[in-house]
1. Can you give the Rg to Rh ratio for the chain, taking only C-alpha atoms and Rh from Kirkwood?
2. For a quick protection proxy, order the peptides 117-125, 145-153 by their average other-Cβ count within 10 Å, most packed first.
3. What are the extents of the Cα atoms of the range 116-199 along their three principal axes, listed from largest to smallest and rounded to whole Å?
4. Taking the alpha-carbon distance from residue 211 and a cut-off under 17 Å, which aspartates and glutamates remain once sequence neighbours fewer than 8 residues away in the same chain are dropped?
5. In percent, how large is the relative contact order of the chain, given Cα pairs closer than 8 Å and 6 or more residues apart?
6. Excluding residue 304 itself, calculate the net charge of residues whose Cβ lies under 13 Å from the Cβ of residue 304, where each Lys or Arg counts +1 and each Asp or Glu counts -1.
7. Kindly provide the pair-distance distribution of the range 30-124 built from C-alpha pairs, with 5 Å bins from 0 and whole-percent values in order of increasing distance.
8. Add +1 for every Lys or Arg and -1 for every Asp or Glu among the other residues with Cβ under 15 Å from the Cβ of residue 67, and state the total.
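Laboratory data are not the source of any read-out in this text; all were calculated from the coordinates shown. In this text, all values refer to a predicted model and were calculated from it rather than measured experimentally. Here the Cβ is made from the backbone with ideal geometry for all residues, glycine too, and neighbour counts use every protein chain on show.
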Amino acid sequence: MWELTQACDLACKHCRADANPERHPDELTTAEGKRLLDDASRFDDGQLVVLSGGDPLAREDAVELVEYGTDAGLRMTLTPSGTASLTRERIETLADAGLRRVALSIDGGSAAAHDAFRKETGSYERTVAAAETARQAGVPLQVNTTVCAETVDELTEIRQVVEDVGAVLWSVFFLVPVGRGRVLDPISPARAERVMEWLWEVADEAPFGVKTTEAPHYRRVAAQRGGNTTGRPTADDIGRRAGITAGDGFAFVSHVGDVYPSGFLPRSVGNVGERSIVDLYRNTDLFESLRSPDSLRGKCGACEFRHLCGGSRSRAFAYSGDPLASDPLCDYVPEEYDGPLPEQSFTDRGSSTAD
């Protein structure tokens with residue numbers, strides 16, 4: 001994932017980037033970005049690249065970069081914001097440039113709820129219109145949703161919106177307290193467990209796929225309920241290997257070129273201006289430790305599902321400063337584990353069908 005810019009006209013309550021309308025003067029240039037895409041193509045044939053932000057469409061070269069990456073053999077996807085930049089012409093141009101998927105955020109089951117969370121009147125309407133334009137342009141749609149105390153009661157309504165807009169995948173992100181998201185309340189571990197059980201039922205009957213972000217224990221829930229217990233799931237229709245976690249199958253490049261295991265785990269291992277993204281991913285101590293489930297500590301380290309799940313390394317870091325510590329959102333306690341439990345500094349407000 002490459003964060004093209006932190007510029008964005010929205011001021012969403014959960015924003016990891018703490019975005020603002022102005023672009024940073026030290027953003028990677030178009031030429032530097034193309035070198036990054038060339039480097040990324042060395043990972044594997046058809047490497048998946050997500051252009052994110054802020055609002056990636058705040059950069060005039062977004063379409064050029066999609067086209068360049070496509071010509072380099074990359075599977076290019078984009079996560080734009082629901083702003084005035086998301087025009088029909090822009091979406092159609094991106095489709096012509098080879099865009100493989102667009103991911104739009106919907107955080108409320110109604111315009112009022114979504115716009116309040118996004119702090120922008122009209123955001124919901126523009127997002128739904130963009131989803132229809134993407135469908136007409138033949139670009140598969142992914143819907144991203146943030147789960148926190150403010151949005152959890154909206155999940156059943158959002159699930160219907162996801163179906164109505166024709167999404168192929170619902171990516172459900174469980175809050176990590178970074179950026180502006182530090183002021184939001186997460187849901188409790190017990191509530192998160194119930195939400196994941198409900199998501200498993202949704203995935204079984206919905207016409208779209210379901211994945212979680214920063215909540216890999218959804219895989220453990222699926223395994224316990226009769227799902228995949230043999231290892232990581234297979235790739236989806238755009239080559240996104242399911243089962244990735246921060247630093248393991250995933251790397252994040254900031255707008256200025258710094259490389260992190262995730263945008264939610266702010267510990268840099270270097271800059272793409274000095275070392276290639278492939279080298280930084282494969283040959284740095286932090287990334288190597290994150291790819292070793294047996295290096296995990298506490299409850300996660302003792303868990304029999306650690307090779308399938310591994311917990312959110314970003315959330316562990318946010319709460320403890322240790323990316324290898326236990327994920328405090330996980331409610332599961334291994335049968336043979338009798339050590340200390342992570343601090344349960346969560347709230348549990350309200351109820352919903354997703355309860």
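1. On the way: Rg = 19.2 Å, Rh = 20.5 Å.
Taking Rg over the Kirkwood Rh, I get 0.94.
2. Values: 117-125: 18.8, 145-153: 22.6.
Listed from highest to lowest mean packing, they are 145-153, 117-125.
3. That gives 40, 29, 19 Å along the principal axes, largest extent first.
4. 107, 163, 193, 197, 201, 236, 237, 248
5. Numbers: 727 pairs, mean separation 59.8, N = 355.
Relative contact order comes out at 17 percent.
6. Numbers: positive: 219, 220, 299, 306; negative: 294, 335, 336.
After counting each charged neighbour, the total is +1.
7. Once binned at 5 Å, the Cα pair distances of the range 30-124 give 3, 14, 22, 21, 16, 11, 8, 5, 1.
8. Details: positive: 34, 59, 75, 90, 100; negative: 38, 60, 61, 64, 71, 92, 96.
Local net charge: -2.
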